[in-house]
Each structure stands twice: as C-alpha cells, then as structure tokens.
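Okay, so here's the structure we're looking at.
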Amino acid sequence: MTKGSETARRGALLARRLDLVASVSALTAEALRLNQKRAGIEMDVLRLELEIGRSGASAQLVRDLHDAEQSAAAIMQACAACEQRIVAAEDDVDDVDRRLAATTNKD
C-alpha cells in the first residue's frame, strides 16, 4: 500500500474507533439510567411489601405489587440487553485497536 492509502486507512480506523467509543458511552449512560429506574422500582416493591405486612393484602396493594414486580423484571431484561450491547461495542473497539496497532507496526 502507498503511504497515502495507509494514512487514509488509519484515519478511517480512528474515525470508526471514535464512533464506537461514543456508542459505548451512550450505552453506558443508558445502562445507568436503567439501573436507576430499576432501583426506584425495587424501592416501590419494598414499600408495597411493607404496607402489605402492616395493613394486610388488599386487592389494590397486591395488584400494585404485582405491577411493580413485572416492571422490575422488564427493566432487568433491558439492563441485560444493554450490557450485551456494551460488551459487543467494546469488542468492536478492541478489534479496531488491533487493526490500528497493525497499521502502526507496519511503519
């Protein structure tokens, strides 16, 4: 390859890496948001369980608890999916880093 094409290839890899790092950052922010939401729902579950323990299991409290538990389960699944996307994006960054290292070693 010519010097110019190597420089262009390295530039393209650096741009790809920048895009991937931005994706990892956005996914990490999403994971944090989901975890905060999950924690809030878990607090609701605890509050409802305490209320049921104090005043008995009214139909409304039981429904609210069931709804909160379903919401918590859905958020946990979303968190797991987000974590998988983070791992995949980090693997892509590693791949680009290896390719960048290979172009640097040729010089």
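When the label point is put 7 Å from the Cα of Arg10 along its Cα-to-beta-carbon vector, which residues of the stretch 87-107 have a backbone N closer than 12 Å?
Counting backbone N atoms under 12 Å from the label point, the list is 100-107.
Tell me, what HN-Hα J-couplings in whole Hz come from the Karplus equation 6.51 cos²θ - 1.76 cosθ + 1.60 at θ = phi - 60° for each residue of the stretch 85-90, using x for Gly and Pro?
With coefficients 6.51, -1.76 and 1.60, one gets 5, 5, 4, 5, 5, 5 Hz.
Once fully extended, how much extra length lies between Gln36 and Glu51, figured as 0.36 nm per residue of separation less the alpha-carbon to alpha-carbon distance?
So the extension gain works out to 3.1 nm.
Roughly what angle does helix 3-55 make with the longest principal axis of the chain, taking Cα atoms, 0 to 90 degrees, to the nearest 10?
Orientation of helix 3-55: about 10 degrees from the principal axis.
Answer with one residue from Ala12, Leu50, Gln36: the one whose Cα lies farthest towards the positive end of the charge dipole of the stretch 1-50, charges on Cβ with Lys, Arg +1 and Asp, Glu -1.
Ala12
Once fully extended, how much extra length lies between Thr104 and Met43, figured as 0.36 nm per residue of separation less the alpha-carbon to alpha-carbon distance?
16.8 nm
If r is the Cβ-Cβ distance from Ala80 to Ser25 and R0 is 22 Å, what FRET efficiency results, to the nearest 0.05?
After rounding to 0.05, the efficiency reads 0.70.
From zero outward in steps of 5 Å, how is the percent of C-alpha pairs of the chain spread across the bins?
Final binned percentages: 2, 11, 15, 13, 9, 9, 9, 7, 6, 5, 4, 4, 3, 2, 1, 0.
Laboratory data are not the source of any read-out in this text; all were calculated from the coordinates shown. Quantities reported herein were computed from a predicted structural model and do not represent experimental measurements. Don't worry about glycine lacking a Cβ; one is built from the backbone with ideal geometry, like all the others, and counts go over all protein chains shown.
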